Amino acid sequence: MATLNYSRIRRTGRWVDVRRRKLGMWAYALNRITGIGLVVYLYLHLGVLSMLAHGQSSWDSFTALARSPFYLALDVILLAIILIHGLNGIRVALTGFDIGVRVQKRLFVILMLIAAAALVVAAAKIFAV
């Protein structure tokens with residue numbers, strides 16, 4: 001008869017527990033989550049591009065749908081994912097080259113503030129269309 005390994009279950013549960021997490025763990029989790037989001041978007045994008053094979057009428061109907069507020073909001077979310085992943089990736093690369101290791105938490109906060117400011121400006125332009 002198989003027995004449950006409670007210590008393994010507790011260890012797995014600790015990874016999901018967001019209490020008492022430091023900034024470095026949040027940066028790590030954000031980078032992983034946004035990376036998965038970008039991979040999912042890549043496959044969705046390839047599916048949308050396959051509509052070109054069905055002719056002009058199917059593409060025109062999709063572009064009309066893509067101009068709806070719902071899809072514009074998805075564009076803003078995609079832009080947020082790109083900004084977070086890209087700027088956090090720059091921070092990881094710099095610390096990997098031993099540049100800014102001592103100030104990486106401050107660098108993370110500064111880069112995320114830059115991402116937020118760029119996102120606000122871009123969202124205003126996207127919804128102004």
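Results, tabulated for the structure shown:
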| quantity | calculated |
| --- | --- |
| Efficiency of FRET from Cβ geometry, residue 106 and residue 77, R₀ 30 Å, rounded to 0.05 | 0.65 |
| Options (i) -0.32, -0.54, -1.00; (ii) -0.43, -0.68, -1.11; (iii) -0.23, -0.41, -0.96 - which one matches log10 I(q)/I(0) by the Debye sum over Cα atoms at q = 0.09, 0.12, 0.19 Å⁻¹ as calculated here | (ii) |
| Segment residue 48-residue 99, extension gain: residue separation times 0.36 nm, minus the distance between their alpha carbons | 14.3 nm |
| ³J(HN,Hα), Karplus 6.51/-1.76/1.60, whole Hz, each residue of the range 95-108, x for Gly, Pro | 5, x, 8, 6, 10, x, 5, 6, 10, 5, 5, 5, 4, 4 |
| Proxy reagent accessibility, fewest Cβ within 10 Å first, across 60, 98, 75 | 98, 60, 75 |
| Per-residue Cβ neighbour rank within 10 angstrom, fewest leading, 34, 63, 95 | 63, 95, 34 |
| Chain lengthening between residue 58 and residue 70 when straightened (0.36 nm per residue, less Cα-Cα) | 2.4 nm |
| Label point 7 Å beyond Cα of residue 121 along Cβ direction - residues of the range 83-102 with amide nitrogen under 20 Å | 83-91 |
| Low-density loop positions, chymotrypsin sites (Phe, Trp or Tyr not before Pro), the range 58-116 - DSSP coil, at most 12 other Cβ in 10 Å | 97 |
| Residues 49, 107, 72, sorted so that the one with the fewest Cβ neighbours within 10 Å comes first | 49, 72, 107 |
| Calculated FRET efficiency for the pair residue 28/residue 114, C-beta based, R₀ 30 Å, to 0.05 | 0.95 |
| Dipole of the chain, positive end: most advanced residue of 42, 110, 62 [Cβ charges, Cα centre] | 110 |
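Every number here is computed from the coordinates shown, using simple stated rules; none is lab data. This structure is a prediction, so every number in the text was calculated from the model and none was measured. In this analysis, Cβ positions are derived from the backbone assuming ideal geometry, glycine residues included, and neighbour counts consider all displayed protein chains.
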